[in-house]
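Worksheet: one structure, shown below.
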Amino acid sequence: MGTIRDDVFLGKTEKYNQKLEMLAKMAQPEKWTYKKIQHIDPYRILRNYIQFTYNRIDEENKFLDSLNGNLRCMNTGLLTSYNQEIVAIFAKNNREGKIPWFLNGFFKETDKFFTTNFLSLPLLADYCNNVNDLIYDNNLELKPRKEHIIDDNFERFCDAGYFDKQLINALFDSAIISLEKKLKRNFKLALPFYYHNTETGERKIQLLAPLYFPGAPVRLALVLNKIQNNARNYYEGVTVLPVEWAYMNSRLIVKPDEEWAKIMDEIDSISEIDSIQNAIDKVD
């Protein structure tokens, strides 16, 4: 199995960004980068989305070949504002010793270039066998491995502005209480994430949930594994990710809801010093 970087010549950054810009305008509106980098990397999330969608399509062997074999396409999983499917089309690179395909562009299912070369629409990427794995079950207990999370991810807490383990411990307890209350009222707050360990081959669905430290914008997300055994089922919190990573990784499966959009906007609208001081004041 290959990756899009192994298989497809995407063009120089400027040209590839032009194609991503066309795709973003074609698709239903959503957040495709972060405010802090929008001027230098306007399609960071979209680029990641296309890359990993391609990789999954390759794993599932869901590419469609054109009638003459010189083209192939994949379903991007995105829709236009009129709910038309959007496909990516790749052209064969016949130059010997070069990457085998190059990205021709993105097209609507009604575009003539697509309909004259392909007989049907390619299938969507699929990430799990049980749809229940994608949805947070608020009947199950949430049990974070707090000491493990704090000790093993201390640098991530520092990057988020928290440098004292005792403070982090207190904030973490408060955040879990808030999170459980919110999840009981909005299960969509926990976003599904397709975890694939390329070294071990392990594949599973995890959930990513925002950690609400008191008085501060959300900067970290809790990674949840659903534990199923003979004794009981529960969610185990195993690590934390920067909220930007969580948003980007989860977009592979589902478009995050409005609460996540607010979270992403908030982290850019409040200064780090003010937000950290607010959190300390709440604990004191």
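The values are calculated or read from the model by the stated rules, or taken from the named source; none is laboratory data. The structure displayed is predicted, hence computed values, not measured ones. Methodologically, a virtual Cβ is constructed for each residue, glycine included, from the backbone with ideal geometry; neighbour enumeration extends over all protein chains shown. Accessible surface is based on the protein model in full, side chains and every heavy atom, while ligands, DNA and RNA are left aside. Shrake-Rupley method; radii C 1.70, N 1.55, O 1.52, S 1.80 Å.
Projected label points at Q18 and C158, each 7 Å from Cα along the beta carbon direction, are separated by 4.4 nanometres. Backbone phi angles across the range 192-204, fed through the Karplus curve with coefficients 6.51, -1.76 and 1.60 (θ = phi - 60°), yield HN-Hα couplings of x, 9, 8, 9, 10, 8, 5, 7, 9, x, 5, 10, 6 Hz in residue order; Gly and Pro are listed as x. For helix 272-283, what angle does its Cα long axis make with the longest principal axis of the chain, in degrees from 0 to 90 and rounded to 10? With rounding to tens, the tilt is 40 degrees. The angle between the Cα long axis of helix 44-60 and the longest principal axis of the Cα atoms of the chain comes to about 70 degrees, rounded to the nearest 10. Full extension of the chain between N229 and K165 gives 19.8 nm of extra length, using 0.36 nm per residue less the Cα-Cα distance. Legend: Rg and Dmax of the range 41-147, from Cα coordinates, 18.0, 59 Å. Our summary gives the chain a relative contact order of 15 percent, counting only alpha carbon pairs under 8 angstrom and 6 or more residues apart. Remark: the range 226-232, residue by residue, has Karplus-estimated 3J(HN,Hα) of 7, 9, 10, 9, 5, 6, 6 Hz, where x stands for each Gly or Pro and the curve is 6.51 cos²θ - 1.76 cosθ + 1.60 at θ = phi - 60°. Counting only Cα atoms, the size of the range 186-263 along its three principal axes is 38, 29, 19 Å, in decreasing order.
Give me the tail of P(r) for the chain as a percent: Cα-Cα pairs with distance above 34 Å.
Of all Cα-Cα distances in the chain, 29 percent exceed 34 Å.
Spin-label model, D126/E147: points 7 Å from Cα along the beta carbon direction are separated by 4.3 nm.
Could you look at the chain and say what percent of its accessible area is carbon and sulfur, using a 1.4 Å probe and all protein chains?
Of all accessible area on the chain, carbon and sulfur atoms account for 48 percent.
Loop only by DSSP, 13 or fewer other Cβ within 10 Å of the Cβ. Give me the GluC sites (Glu not before Pro) in the range 138-220 that pass, ordered by residue number. Answer in residue order: E199, E202.
Please work out the Kirkwood hydrodynamic radius for the range 96-147, using every pair of different C-alpha atoms, and report it in angstroms with one decimal place.
16.6
Against the longest principal axis of the chain, how steep is helix 258-269, in degrees 0 to 90 to the nearest 10, with axes from Cα atoms? Its long axis makes an angle of about 70 degrees. Under a 5 Å amide H cut-off, with hydrogens placed 1.01 Å from N, T239 pairs with V223 among residues at least 5 apart or on other chains.
Computed over protein heavy atoms with a 1.4 Å probe, the accessible surface of the range 1-86 works out to 54 Å² per residue.
Ranked highest first by the average count of other Cβ atoms within 10 Å around their residues, in what order do 85-91, 217-223 fall?
217-223, 85-91
Give the distance, in whole Å, between the Cα centre of the range 205-251 and the Cα centre of the range 46-85. Each part reduced to its Cα centre gives a spacing of 29 Å. Note on N83 and D133: the extension gain reaches 15.4 nm, defined as 0.36 nm multiplied by sequence separation minus the Cα-Cα distance. Relative protection proxy for 116-122, 15-21, 94-100, from highest mean packing down: 15-21, 116-122, 94-100 (other beta-carbon atoms within 10 angstrom).
Between amide H atoms placed 1.01 Å from N, distances below 5 Å from N104 occur with I89, F90, A91, all of them 5 or more places distant or on a separate chain.
Label sites at K255 and I177, each approximated as a point 7 angstrom past Cα along Cα to Cβ, lie 3.6 nm apart.
Less than 18 Å apart at the alpha-carbon level, and either on another chain or at least 8 residues along: which aspartates and glutamates does that give for K184? Cα-Cα hits under 18 Å: D133, D137, E141, D173, E236, D257, E258, E259.
In the range 119-194, inverting the average of 1/r over every pair of distinct C-alpha atoms gives 15.3 Å as the Kirkwood radius. Percent of C-alpha pairs per 10 Å bin in the range 13-99, short distances first: 15, 42, 34, 9, 1.
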